[in-house]
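Every number here is computed from the coordinates shown, using simple stated rules; none is lab data. Computed from a prediction, not measured in an experiment: that's the story for all the values here. Cβ placement follows ideal geometry from the backbone for every residue including glycine, while neighbour counts extend to all protein chains displayed.
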Amino acid sequence: MKKMWVAMLAAAAFAVPSVAGAQAYPERAVTIVVPFSAGGPTDTVTRLVAEAMAKDLGQQVLVENVGGAGGTLGAARVAEAEADGYTLLLHHIGMATSATLYRKLPYDPLNAFDYVGLVTEVPMTIVARKDFEPQDFKAFIEHVKANKDQVTVANAGIGAASHLCGMLFMSAIETPLTTVPYQGTGPAMTDLLGGQVDIMCDQTTNTTKQIQGGTVKAYAVTTPERLDVLPDLPTVTEAGLPALEVSVWHGLYAPKGTPPEVVERLSKSLQTALQDENVVARFGELGTTPSPQEDATPQALKAKLETEINRWRPIIEAAGVYAD
Amino acid sequence: MDLLQNLALGFQTASTLWNLLFCFIGVLLGTLIGVLPGIGATATIAMLLPITFQIGDPVGALIMLAGIYYGAQYGGSTTAILINMPGESSSAVTALDGYQMARKGRAGAALATAAIGSFVAGTVATGLVALFAPPLTAIALKFGAAEYFSLMIVGLVSSVALAHGSVVKAIAMVIIGLLLGLVGTDIYSGTPRFTFGIREYADGLNFVALAVGVFGIAEILRNLETDRTREVIVAKVSGLMPTRDELRRMVAPVLRGTALGSALGVLPGGGAILASFASYTLEKRVADNPSEFGQGAIQGVAGPESANNAGAQTSFIPMLTLGIPANPVMALMIGAMIIQGIVPGPNVAAEQPALFWGIIASMWIGNLMLVILNLPLIGLWVKLLTIPYYILFPIIMAFCSIGVYSVNSNVYDLFFVAFAGLAGYVFAKLRCEPAPLLLGFVLGPLLEENLRRAMILSRGDPTTFFTRPISAILLLIALAVLVVVFLPAVRRKREEVFVEEA
């Protein structure tokens, strides 16, 4: 299959001259493994970044989807891959939460990888069915607390961003609610649009267009700043719930033991890619922004992962949900 | 009138030279990929996503991807008919009678029936998408967990009609299918079930792997058994086109299949899968001579083929009107749109009228191209059957493996193909039909998921299935089907059908 990929790409894409001599790496195509199926938000983010990195590296950057088991199959594959810089992993917040959600992981999220850098931090939005009564976020929280036996929270399955955010929301307002899991974001959003469930907290990549189209009611965004695409939406902190600040951060990883100069080269390439016009524009349309220069570094990603593992462990343990 | 203006805009967009070319490339690629056993539209579109970067124009890219999708539906029926190897869940039903027709030397007629039925269905469904997309969306949104559960019950109750052997065996196969469908992580508690600790099975068994195994690999094994006189080689191919009598007999099934497929295709998640099964059941019920089904009844090809193509078209509705994917292929299309800078959502029709209507118009153009492309190719496909088995079988096995592996890059899916192949061979020896098994496998998880979700949403109150009107109506339909099955007169008639193997 890989050969087919290469052949098709070679046929369709214009040949990019390789920067010969100056650097040994990369001599051939680089593969980024996405631990989710093609077409999803993480896949889209990866493809946009991969295209821009290819320009900088002077080699094709292929995207391979190895979905399954909440992203842990793809991560395991990269953890075991040869540490030569030709197999990379683009994973989201699940890298940190899987450390607690899965009690039997075949790899150690913190020590099985070398870090390349943060890619983007996708904001999350708290949305409800469009006829949900409360008019603002304060009223929303009061309403939810007062009707905790009626309100239902949708999510896209255990370990999904919407599941994590839902847990965080319940922990922040100290009110357990009825959780309704779905098999993916699509069916969950369908039921929210149809008014079958009440609320959901999901990435802007999934909710921005629905909010703009008026098919769901939005209450708050989980970032410190308001978003350009949804300027009227208050932040959770403005509304008095700073504990709900959360983002679906994406990071680029290499297998442990990758030569430092290769990691450095990749990190530089990532930084360049994140300034690419097309990447900035497309990310913007999805309601997110590329990580700034100083975050697209190994140190920043490592620090983020450590912090996030520690942040989520007590929340997940308190909720008592595990995926294995 | 708005609609005419919109359609004019659509056809104008879709019939530019480039877009016609993209449409043609799409349907051609789709047909070819569909004909390769095991490789389906999902894998192909995933492979071609990077190429859409290079096209630059979102309309062209999407027209091409859409072409691949319905082209693959067409091509998938080809392998189902010729070598009993359905590549998509929807063509599993086509294999039942299509393959029997092929064995009787009517492969050409079966392929032509599939092509003509699909074209009619495609035309009608395209019209429906253009005319009724918003109201149909509103109906689809009324379907909550309780409604889906009741719909799946109808599907399950009707599934017995798929059998043309003993009913007991059919029910046994449905149950085995249901059980296989349980493998994987329970989405409500996160507990892995029946995975034997193999994390690769955490998301359940792969449908394509199961279908390819129990139908295709098992068929190959069976053929190898009969030494060199492989039955697949059709000594006499009597006519590539359907006879006048056959054409007359397929009119009603095509129309009924189109109606069923259009209606069920709109429902995200599982609707389209039911369409072809439901159509087959319906045709068998209304047929003058149901005993013909399973022996190469042309209605058994015409109905389901129309249904699955109509469903394929109308499954675009939730994506185009809500930005919500109804199946993995639609999820890929959404990914492709985002890469092109269009985030699909409820406003896509208003913000991007050329794209929206261009895709709709291109569906009809694509269907026309498919029929023009496929009718002359039928002779070629039928010739494939004359390839000696020692060449054909290894090729089929290789493509199956590539196709199954490409879905998730998961080796364990290949192990499962081997297992399913052996199991399928045993089933064939025991004269058990694999079709009910597949239906059980598809419906089982949906049934469970929606039952539990409906119970969560109703806070444990089971009356939710009767107090919600759509759900209640569906349950009444299921009851009616049951009554019909067990009504004495009907039962006598059915026993005639099953007598030869009972």
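Give me the Debye-computed log₁₀ of I(q)/I(0) at q = 0.06, 0.13 Å⁻¹ for region B:2-498, equal point scatterers on Cα only, no solvent, two decimals.
Rounded to two decimals, the profile gives -0.25, -1.29.
Taking a 29 Å limit on the Cα-Cα distance, which of the listed pairs A:104/A:304; B:284/B:429; A:209/A:256 fall beyond it?
Correct reply: A:209/A:256.
Please report how far the C-alpha centroid of region B:191-227 lies from that of region A:69-97, rounded to the nearest whole angstrom.
The distance from the Cα centre of region B:191-227 to that of region A:69-97 comes to 27 Å.
Hey, what number do you get for chain A at 222 nm if only DSSP H runs of n ≥ 4 count, each worth -39500 (n - 2.57), divided across all residues, to the nearest 500?
-12500 deg cm²/dmol
Counting only other chains, what is the mean number of Cβ atoms within 10 angstrom of the Cβ of each residue in peptide B:315-327?
Averaged over the peptide's residues, the number is 3.
How much length, in nm to one decimal, is gained on full extension between residue B:349 and residue B:175, taken as 0.36 nm per residue of separation minus their Cα-Cα distance?
Here the segment from residue B:349 to residue B:175 would lengthen by 58.3 nm.
So how do B:438, A:73, A:270, B:9 line up by other beta-carbon neighbours within 10 Å, fewest first? Could the numbers behind the result be given before it?
Details: B:438 29, A:73 22, A:270 26, B:9 16.
Ordered from fewest to most neighbouring Cβ atoms within 10 Å, B:438, A:73, A:270, B:9 come out as B:9, A:73, A:270, B:438.
Please state the relative contact order of chain A as a whole percent: Cα pairs under 8 Å, 6+ residues apart? If you can, show how the numbers build up before the last one.
Working: 631 pairs, mean separation 84.4, N = 324.
The normalised contact order for chain A reaches 26 percent.
Among the DSSP beta bridges whose two residues both lie in chain A, what percent are antiparallel, rounded to the nearest 5?
Details: 23 of 37 bridges.
Restricted to chain A, the bridges split so that about 60 percent are antiparallel.
Would you mind checking the tilt of helix A:298-319 against the longest principal axis of the Cα atoms of chain A, expressed as 0 to 90 degrees and rounded to 10?
The angle comes out at about 30 degrees.
Grab the alpha carbons of chain A, take their convex hull, and tell me the volume per residue in Å³.
Normalising the Cα hull of chain A by residue number yields 130 Å³.
Restricting attention to the alpha-carbon atoms of region B:298-369, what are Rg (one decimal) and Dmax (integer), both in Å?
Values for region B:298-369 (Cα only, Rg and Dmax): 13.8, 45 Å.
Give me the Kirkwood hydrodynamic radius of region B:241-380, using the inverse of the mean 1/r over all pairs of distinct Cα atoms, in Å to one decimal.
Every distinct Cα pair counted, the radius reaches 16.5 Å.
Given Cα pairs under 8 Å that are at least 6 residues apart, what percent is the relative contact order of chain B?
So the answer I get is 30 percent.
Which loop-located trypsin sites (Lys or Arg not before Pro) does region A:246-324 contain, where loop means any DSSP state but H, G, I, E or B and the Cβ has at most 16 other Cβ atoms within 10 Å? Mind showing how you got there, number by number?
Numbers: sites: A:256, A:265, A:268, A:282, A:302, A:304, A:311; in loops: A:256.
Here the sparse-neighbourhood loop sites are A:256.
Can you check how the C-alpha radius of gyration of region B:55-110 compares to 2.2 N^0.38 Å, as a plain ratio?
Rg over 2.2 N^0.38 Å, computed on Cα atoms: 1.43.
Kindly give Rg over Rh for region A:23-132, based on alpha-carbon atoms, with the Kirkwood expression for the hydrodynamic radius.
1.03
Where does chain B land at 222 nm, in deg cm²/dmol rounded to the nearest 500, when only DSSP H runs of n ≥ 4 count, each adding -39500 (n - 2.57), divided by all residues?
Per the formula, -24500 deg cm²/dmol.
When the Kirkwood radius is taken over all Cα pairs of region B:1-109, what Stokes-Einstein diffusion coefficient follows at 25 °C and 0.890 mPa s, in µm²/s?
In µm²/s, the coefficient rounds to 164.
In whole angstrom, note down how far apart the Cα centers of region B:1-49 and region B:239-257 are.
27
Starting with the highest mean, order B:338-349, A:224-235 by the number of other Cβ atoms within 10 Å, averaged over the residues of each peptide. Walk me through the numbers on the way to the answer.
Details: B:338-349: 20.5, A:224-235: 14.8.
Descending mean neighbour count gives B:338-349, A:224-235.
How big is D for region A:123-244, in µm² s⁻¹ as a whole number, if Stokes-Einstein is applied with the Kirkwood radius of its Cα pairs at 4 °C and 1.567 mPa s?
93
Please state the equivalent ellipsoid semi-axes for the protein assembly as shown: what are the square roots of 5 times the Cα gyration tensor eigenvalues, largest first, in whole Å?
43, 31, 26
In whole angstrom, how far apart do the alpha carbon centroids of region B:315-366 and region B:397-448 sit?
31
Let me test this: with uniform point scatterers at the alpha carbons of region A:178-324, what is the Debye-based log₁₀ I(q)/I(0) at q = 0.12, 0.16 1/Å?
-0.68, -1.14
Give me a single rounded figure for B:338-348: the average over its residues of other chain Cβ atoms within 10 Å of their Cβ.
That works out to 6 on average.
Considering the protein assembly as shown, which cysteines have no disulfide-compatible partner, defined as another cysteine with its Cβ under 4.7 Å away?
By the Cβ distance rule, which asks for a partner under 4.7 Å, the isolated cysteines are B:23, B:400, B:432.
Using Cα pairs under 8 angstrom and six or more residues apart, how large is the relative contact order of region A:123-244, in percent?
Taking the mean separation of contacting Cα pairs over the length of region A:123-244, I get 37 percent.
In whole Å, what three semi-axes, largest first, describe the equivalent ellipsoid of region A:206-265 built from its Cα gyration tensor (square root of 5 times each eigenvalue)?
Values for region A:206-265, descending: 35, 15, 10 Å.
Can you tell me the orientation of helix A:41-57 relative to chain A, as the angle in degrees between its alpha-carbon axis and the longest Cα principal axis, to the nearest 10?
With both axes taken from Cα atoms, the answer is about 30 degrees.
Roughly how crowded by other chains is peptide B:445-455, in terms of the mean Cβ count from those chains within 10 Å of each of its Cβ atoms?
Mean number of neighbouring Cβ atoms from other chains: 2.
For a quick check: sort B:470, B:83 by the number of other beta carbons within 10 angstrom, fewest at the front.
In increasing order of surrounding Cβ atoms, one gets B:470, B:83.
Using the Karplus equation 6.51 cos²θ - 1.76 cosθ + 1.60 (θ = phi - 60°), what ³J(HN,Hα) coupling, rounded to whole Hz, does each residue of region B:334-350 give in order, writing x for Gly and Pro?
My calculation for region B:334-350 gives 5, x, 5, 4, 5, 4, 7, x, 10, 8, x, x, x, 9, 4, 5, 7 Hz in order.
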